[in-house]
Amino acid sequence: MVDELLLGCSGWNYADTADKGGWTGVFYPDSNTKRLRHYSQFFNTAEMDSTFYEKFYTNMTKGTFIGMAKATPETFQFSIKVPETITHKKRLNVKQGAMTDFEEFLDKISPLKNSNKLGAVLIQLPPSFTVNDFRNIEGFLDRLPSSGCDYAVEFRHPSWKTEGPWDMLKHYNIAAVMTDSPSQENLQFLSDVTITTASHSFIRFHGRNTTQGHYWYNYLYTKEELKPWVEKVEQVKKETKVLRVYFNNHYGGKALVNALQFKEMTCGTSLSENEIRALEHAQAYLHRAQIKDS
C-alpha cells in the first residue's frame, strides 16, 4: 500500500566534530561543508527538531524555511517538531493560547507547505503528559486547522497504552508515532505495529542508551537490533500510504550509520557507491573513536 517511504535522520545541522557529538569528520568532510545540501544527497527526508527549542525557534523566520526548501531536491521532505511552548509549557491547552501559537507556527513554516516539502508535523508530548490529560489533547486536536498537513503524535508516558488514544487519533487521521527507546522507559507499546492510526505512519529510533550523559541518543544500533523493525516496517507499509522513518540517535553521527543500514535493509535495493563510501567511512571513523576511548 505504501506509495512513499521516506527515511532519514532527526536533524542534520550538527557542526561539531564527532568526538563532541557532531557530524564533522564522520559525515561532513569539513566545517565549511554546506550541511543540508550534503545531507540531502543521501536521504530524502529530515526531521527538524530545532523548532522545538524556544531559544532557536524564536530566531527563525519564514526565510529560514524558504532557504531550506531551496537547498534541497524537489522531492525532499521535512518533518517539523512543534515548539515546546505549545506542547510542554502550555500542554496543548487551548484556553492558554496553545492553538493561537500553533497557528503562528504553521504560518512560519508555510514556505515548506507551499513548496510541497512539508512532511509531518510532529507533536511530541512531555513524559509528564499522561492519559489524565486526555481532554487537553482532544480539545487541541479538535481545533487543528484543516490545512492538509500530516500530523503525528508521540506519547512518552506508558499510561497512554489504552484503546482511547488510538481511537482518537484514528478519528482525526493522525499518526501515532512508533518509537524504539530504552526498555526502562516502559514505552514498548509504541513499537507495536498494530497502532497504525492514519493513512500515514511515523517511526522514530531514539537509541537505547541508559547511562549518564547524552541520554538515549548516544547509541549505535546493531543490525541484529534493527532486523525486527524490518518486519514491522513491512507490516506498516501494508497499512499506510506514506511511511516516514527517522533515526534520532544523532550523537557523533551514529544515526547516519543506522539510517543507511536500515535504508538498505528496507528498500530492497543496494546502496549507491556514494552511500556505501559514506557508510564505510562513518563506520571506520566510529570504530577508531571507540578504540581511542577504550
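Coordinate-derived values only; no laboratory data. Predicted, not measured: the structure shown is a model, and the values here were computed from it. All Cβ positions, glycine included, derive from the backbone under ideal geometry; neighbour counts span all protein chains shown.
A few points about this structure:
- Each residue, GLN283 and LYS232, gets one label point 7 Å from its Cα in the Cβ direction; the gap between the two is 2.3 nm.
- Cα gyration tensor, segment 168-294 - rounded (a/c under 1.5), prolate or oblate: oblate
- Cα gyration tensor category, rounded, prolate or oblate, for segment 240-292 with a/c compared to 1.5: oblate
- Kirkwood hydrodynamic radius of segment 20-65, Cα pairs, Å: 12.5
- Estimated Rh, segment 186-226: Kirkwood, alpha-carbon pairs, angstrom: 12.2
- Rg/Rh, computed from the Cα trace of segment 102-254 with Rh as the Kirkwood radius, has the value 0.96.
- Modelled label positions at LYS62 and SER191, each set 7 Å beyond Cα in the direction of Cβ, lie 4.3 nm from each other.
- Cross-link table LYS62/LYS241; LYS113/LYS227; LYS263/LYS292; LYS70/LYS95; LYS108/LYS241, entries beyond 31 Å C-alpha to C-alpha: LYS113/LYS227; LYS70/LYS95
- Diffusion of the chain by Stokes-Einstein, at 25 °C in a medium of 0.890 mPa s and with Rh set to the Kirkwood radius over alpha-carbon pairs, works out to 126 µm²/s.
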